[in-house]
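K.L.:
Sending over a structure as structure tokens; questions will come in a sec.
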Amino acid sequence: MTDLPLTGVTVVSLEQAVAAPYATRQLADLGARVIKVERPDGGDFARGYDETVYGQSSYFVWLNRSKESITLDLKSTEGLAVLRELVGRADVFVQNLGPGATERMGFGADALTEAHPGLVVCEISGYGADGPWRTRKAYDLLVQAEAGLLAITGSPGDVAKAGISVADIAAGSFAYSGVLAALLARATTGRGRAVRVSLFEALTEWMGSPAYYAAYGGRSPQRTGARHATIAPYGPFTAGDGRAVLLAVQNQREWGRLCTDVLDRADLVEDPRFARNSDRVENRDELEKIIADSVQHHTADELAQQLDTASIANARMNSMSQLWEHPVLVERERWRDVATPGGQIRALRPPADLDGLEPRMDAVPSLGEHTDAILVELGRSPVDIEYLRSAGSV
């Protein structure tokens with residue numbers, strides 16, 4: 001197989017939870033060697049989030065395939081010395097520990113880039129490496145609240161969080177692309193640089209549309225449940241057999257086709273209440289009652305077929321089990337088998353396909369699985385390793 005783009009790149013990561021592990025797993029997908037540094041007493045705390053996947057955490061098996069796990073007690077002199085050696089041999093160092101933790105150990109971005117000019121250092125924080133909230137702890141739901149996501153998510157009477165760790169995933173995505181950009185720059189300049197990403201600013205970037213809508217429109221988008229806050233009609237409608245179909249109208253051509261070809265209500269096309277999208281949003285309740293009454297005459301399958309024929313985007317409200325067996329994933333052969341300490345699992349290929357290349361999808365490591373091998377690579381003898389283990393340093 002042709003080498004993957006990051007073959008030969010070594011990443012050392014002091015990571016936990018979601019954001020940094022998501023960034024480094026994507027680097028591993030592209031062929032990077034990722035050495036995950038974990039605490040001897042339990043490791044990455046995401047290992048203990050749940051026990052649903054053959055006794056393992058669903059978060060952990062998702063985020064940590066293709067990595068090597070070494071345990072180090074970074075409160076010990078010996079553990080810090082091993083980490084220092086690993087970082088000295090690395091191309092990339094990633095961390096998302098608590099505020100100030102790496103600086104106190106001597107592994108802050110400024111110190112590392114000065115000591116190792118070719119090293120790319122990626123720091124993921126809650127609210128930024130500097131500024132008034134640099135020492136504030138940040139967890140995903142708290143960041144969703146601060147970034148305004150909770151204010152626009154849910155039903156009119158009830159706020160709801162996003163169903164996934166969206167702030168962590170946003171930060172991990174920006175960290176991943178930032179590291180790739182820094183590696184590209186290093187290839188031409190020979191110098192690494194620090195990449196700094198905060199959960200808050202990553203999620204705030206994703207809040208661009210509602211933020212502009214509120215700043216220049218004079219009001220915040222309203223919470224509208226499963227409906228789109230600023231586009232109509234866009235959301236779920238219950239067909240005559242009690243099953244829901246989501247439909248989405250994005251432009252005037254689609255609006256016309258919905259009226260004439262699906263609802264059989266050509267009169268609505270020029271109705272001043274619904275002439276523009278902003279009019280349809282303003283009169284959403286009236287519009288949705290008209291649509292709801294009309295679709296009662298069809299089953300969900302019939303409605304979906306009519307929408308397809310009219311080239312109106314639509315979808316079903318799938319459960320997780322339906323997603324697992326979704327025909328797009330199955331027929332496009334997106335699933336791969338990945339080994340874990342608890343047993344083999346299915347895992348999705350990375351969404352970005354590179355022509356002619358298969359992504360790396362190796363095993364999820366057990367805690368400290370590669371400790372001895374990495375120490376031997378660093379020149380430690382069996383006697384040295386036994387000493388480190390007896391001292392609790394690994």
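The values are calculated or read from the model by the stated rules, or taken from the named source; none is laboratory data. This structure is a prediction, so every number in the text was calculated from the model and none was measured. Neighbour counts are summed over all protein chains in view; Cβ atoms, including those assigned to glycine, are modelled from backbone coordinates with ideal geometry.
K.L.:
Name the residue, out of 352, 300, 339, that is under 28 Å from residue 230 (Cβ atoms) and among the hydrophobic types (A, V, I, L, M, F, W, C).
P.N.:
Matching residue, one of 352, 300, 339: 300.
K.L.:
Considering only residues that are under 20 Å from residue 84 (Cα atoms) and of a type outside the set (D, E, K, R), which ones fall in segment 360-381?
P.N.:
368, 370, 371, 373, 374, 375, 376, 378, 379, 381
K.L.:
Using beta carbons and a limit of 9 Å, which pairs, at least six apart or on different chains, have the first residue in segment 131-143 and on the phi < 0 side of the Ramachandran plot and at pLDDT below 95 and the second one aromatic (Phe, Trp, Tyr) and not in a helix (DSSP H, G or I)?
P.N.:
Partner pairs satisfying both residue conditions: 133/127; 134/127; 135/127; 136/127; 138/127.
K.L.:
Scanning for something in the same structural domain as residue 197 (by TED's automatic domain parsing), assigned to a helix (DSSP H, G or I) and within 19 Å of residue 119 (Cβ to Cβ), does segment 4-16 turn up at least one residue?
P.N.:
no
K.L.:
Now for a separate question. Within segment 246-263, count every residue that is under 12 Å from residue 291 (Cβ atoms) and free of Cβ contacts under 8 Å to residues at least 60 places away in the same chain.
P.N.:
Count: 5.
Per-residue answers, yes or no, for (1) of a type in the set (Asp, Glu); (2) surrounded by 14 or more Cβ atoms within 10 Å (Cβ to Cβ):
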position	(1), (2)
303	no, yes
313	no, no
318	no, no
386	yes, no
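K.L.:
Looking at segment 270-301, which of its residues are of a type in the set (A, V, I, L, M, F, W, C), crowded, with 16+ Cβ neighbours inside 10 Å and without any contact (Cβ under 8 Å) to a residue 60 or more places away in the chain?
P.N.:
Matches in segment 270-301: 274, 281, 287, 290, 291, 295.
K.L.:
Could I ask something else about it? Of the conditions (1) outside the structural domain of residue 15 (by TED's automatic domain parsing); (2) under 20 Å from residue 122 (Cα atoms), residue 169 fails just one. Which one is it?
P.N.:
(1)
K.L.:
Now, a different point. Please determine, by comparing only the residues of segment 320-356 that are free of Cβ contacts under 8 Å to residues at least 60 places away in the same chain and small (Gly, Ala, Ser), which one is surrounded by the most Cβ atoms within 10 Å (Cβ to Cβ).
P.N.:
Residues of segment 320-356 that are free of Cβ contacts under 8 Å to residues at least 60 places away in the same chain, as a first pass: 320-337, 339, 344, 346, 348-349, 351-353, 355.
Then keep just the ones that are small (Gly, Ala, Ser); that gives 321, 339, 352.
Values: 321: 7, 339: 15, 352: 9.
Out of the qualifying residues, it is 339.
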